[in-house]
Structures are given as C-alpha cells and as structure tokens.
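Quick notes on the structure that follows.
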C-alpha cells in the first residue's frame, strides 16, 4: 500500500504491532468498531461493548500518531434519532480519553434523512456505484457536518469484457477512478477523506452490489491487479494523471425497462380478452353499475365460461407478479434486501439478489405464488358455501377474481415506478406495497359480501367466520411479529424508503 501511494486506510480495530507499522510507513488508519447494519435499538444495546472497545483503542492511539480517526459504526440506522445517544456517548469518550487530533465518524447510507450528523466530527458516505461528487453536494445542501467518502468506486463484473463505455468492465472501473480522482484534485472543497473501495476483493453480506456479483477491489481475490490499481497508484504517487483506456462499443441507451414492456403487454392482452369474449364484456358494466345483476349472473351461471374465467385469473396473477416484482426490484436498488438476507447462506443470498435482477423470471415466480393464494381463496369460498349450496369452481373463482380489479390500477402505478431511477423509486414502491395490502383486505371483505348473496350464506358465517376471524388472526400474528422484530423491520423500511 505504501508503494502504491496510499496515505490512509479504513480498517477494523488493529493490534499495537500493526499500528506501529502504520506509523513507520506514514499511513493513517481509520479504525472501525465492529457494529454494522443495526437498527437504533440494537445499536443502543451495543453501547457498553462499544465503549469498552473504543476505550481500549484510544489507549493504544495515545502511543501512535497514525491512529486518530475512529469510525463508530457502519450502515446503521442514522435516520432514526434514537441512534444519537450512541454516537454522543462515544464521541464524548473520544474527546475525554483520546490524544489531541482524535476524530469520530460513522458511515451512513442516509444522505437526505440522516439525524445523527451533529454527534460526530465527520460523516462518511457510501458512494460505491454512484457519483461521489453529486452525493457530497446533496449532503452539504442539507447538513453542516464535514463529509468524507467511506467507500467510492465502480464495481467489476468478473469476466465481463469491453471498453470503458460498458459498465462492469475493468476499463470502466479504471476510467471512473481516473475521472473521480482528477475531480477531487480540482475541487475547491474536496472530501475530508476519501477511501477508494477496495484494496482487494472480499465478500460483503450486507451490500447489494457485492451480493449481486460486483467486485470493487483494485485487485481480485487472488491478488491480480486491475487497471484501476495503476490509476490509483499513479495519482496517489504523483507519477501519472492521464491514462489510456479502450472506449469499446457505445453503451446501449437505457429504455424504460422490461417491466414496463411486460405491463403494457398484459394490458393489451386483457383488452383483447374483453374484446373476444362477449360474456366477459357483459359482466363488466354489471359489476360496476348493477351489482345485483352481476351477483345474479354468478349465482345462476349466466355468461360464465370456465376458460375465460381462468384466463382472467391468469391475467390477474401476472399483473400481481409484475407489481410485486417492481416493489422488490425497487427495494433491491437499496441495501434493504441485502441486509434482510445477510444471515442466509452466501449462495442462497446471491441467488435471491440475482433473481431480483431478472424481472421476467421474478414476475413469473411471484405470479405462481399468487396463483396459489387465489386457489386457497377459491377453496375457502367453496368451504364456506357448504354442501347445501355447492358452488361450482368457476363461480367461486369469479367471486375471488372480480373483487381484485384494483390490482389493475396498481399495475399502472408499478409501470410508473419501474420507470423511475433507483434512488427515487423506493418510497413509491413502499406506497405500492401498502396499497396492495389494502386492496387484498378490501377484496377479501367484498368477496364475502358477494358470497352472502350468491351462495345464500349467512352474514355471520361469511363475514364472521369467513373474513373477521382470519383477519383478526393475521392481525394478531402481525402485531406479535412487529413486537418481536419491530426494530429490524423498521430499519429495513428506512433502508427501502430513505437510503
């Protein structure tokens, strides 16, 4: 690192001998406490251990001039003001026991919604895969605390060939490093510190890009140097500031996305189904205008076609799969999905994150799962109808499917969300998810109301046993789950809508 011109390294807590070596080489070390990806409540619970570790590190720092920056946490929920006491206490400890020049920092994912910046001397941003200059401008427009870059750089997709115009290539990583370092050198207000991520490839379980297969190292896991290493070394040592990279083929212009195309295909297919099926087309005005005629048609089987009803259910399942795929992909554009699955086996986690990157496959899988949910509802409706008024499958399926028409409105919203850039889609995707839960709840209720007419089922049986009891059980289970895991769920929600 010293030969490459490195002057500062972000690392974990180091033993005395390693810090002494950093002193001799003139490399500053930013030591990071081992607390990462935690909600505010869990972070506060870790405070006693953090105080002990920081006190030990400060005692060592008194003998080593290279150890003056301490990163108190990484990727925790600093959008929650309840995290402030953790940083306030540790910063006070650093000022009380640390040598002159000691500074505290944390690495955050929350640029716009950070609530703890004033508790430390420096805030570090994670700018991997993003424009670090734009990220710093956003921070400075909203906060007064000095800002640095805890990680920046572009990732490489192993084995991807091409010039610097193609994202994920080694040439693209190198060219981006060259341009960014040149911008740093010419800035009136450069970052307080900027850590180029990273020296060598290593897996990170809570970072979406690395889980999905991107590698940021200046060297690969075997130590083979990438072109970005030559750029960093040349600029750091002052030997070279201009580098040659093959441009390669022009990058393809990004369209509105496959999800939008699939959405319009579904809309066109549904319109075609309505046009070629007079029976189905006749039910539409009855459902929305004369509900009594709709219920009579279902009860007596007027205009019901098994094939058409199954086709309508298929369109519904595909629409739901598309909406949910849009939500998951929007969440996957943040670190929410990677953090939520960080406890999984590495292969399973990587497969899930990769699946989120395949919109058609993801939508199809979610459509199959929703089809199973529809089938369960059909069986439940038939069970409630009982033996005295046995309902045909097509009747039960019609009751279940028609009440879920608002999913078509959510499909329109999903296509709009899919067209947004990743950073802007999170809050809207969260709104879609909440609306989806509302739609399903109302649909279940309306299905039971229709069942009282079509199946001659008493209101107590349909609305009480059929709707209220399952609803209350699900509600009670949700409350228990939120009480036991509310902190983690809140953190993941903040990652999805605020980071």
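Points to keep in mind about this one:
- Failed condition for residue 429, given (1) assigned to a helix (DSSP H, G or I); (2) over 30 Å from residue 135 (Cα atoms); (3) touching a residue at least 24 places away in the same chain (Cβ under 8 Å); (4) in contact with a helix residue (DSSP H, G or I) (Cβ under 8 Å, 6 or more places away or on another chain): (2)
- Helices (runs of 4 or more DSSP H) fully within the range 218-302 counting 1 or more residues that are loosely packed, with under 12 Cβ neighbours inside 10 Å: 258-276, 278-289, 291-300
- Single residue of the range 199-217 satisfying the filter (closer than 24 Å to residue 236 by Cα, assigned to a loop (DSSP other than H, G, I, E, B) and within 22 Å of the chain's Cα centre (by Cα)) that is modelled with the lowest pLDDT: 202
- The set of residues in the range 14-46 being outside any loop (DSSP other than H, G, I, E, B) and under 25 Å from residue 336 (Cβ atoms) consists of 32, 36, 40, 41, 42, 43, 44, 45.
- Members of the range 71-88 found to be under 22 Å from residue 57 (Cα atoms) and in a loop (DSSP other than H, G, I, E, B), listed by number: 75, 76
- Checking 91, 104 one by one, the residue that is under 21 Å from residue 11 (Cα atoms) and part of a helix (DSSP H, G or I) is 91 and no other.
- Some residue of the range 393-406 being part of a helix (DSSP H, G or I), surrounded by fewer than 21 Cβ atoms within 10 Å (Cβ to Cβ) and free of Cβ contacts under 8 Å to residues at least 60 places away in the same chain: no
- Matching option when the condition is touching a residue at least 40 places away in the same chain (Cβ under 8 Å) and closer than 21 Å to residue 427 by Cβ, among 330, 346: 330
- Taking the numbered list (1) assigned to a helix (DSSP H, G or I); (2) in contact with a helix residue (DSSP H, G or I) (Cβ under 8 Å, 6 or more places away or on another chain) in turn, residue 172 passes all entries but (2).
- Being over 32 Å from the mean Cα position of the chain (by Cα), buried (at least 19 other Cβ atoms within 10 Å of the Cβ), in a helix (DSSP H, G or I) and at pLDDT 85 or above holds for only one residue in 415, 448, and it is 448.
- Looking across the range 376-390, the residues that are in a helix (DSSP H, G or I) and exposed (fewer than 14 other Cβ atoms within 10 Å of the Cβ) come down to 376, 379, 383.
- Sole exception among (1) farther than 21 Å from residue 8 by Cβ; (2) touching a strand residue (DSSP E or B) at 6+ places or on another chain (Cβ under 6 Å) for residue 149, by number: (1)
- Considering the range 26-60, and only residues there that are more than 23 Å from residue 116 (Cβ to Cβ) and surrounded by 14 or more Cβ atoms within 10 Å (Cβ to Cβ), the residue that is nearest to the chain's Cα centre (by Cα) turns out to be 29.
The values are calculated or read from the model by the stated rules, or taken from the named source; none is laboratory data. Quick caveat, the model's predicted, so the values are computed rather than measured. In this analysis, Cβ positions are derived from the backbone assuming ideal geometry, glycine residues included, and neighbour counts consider all displayed protein chains.
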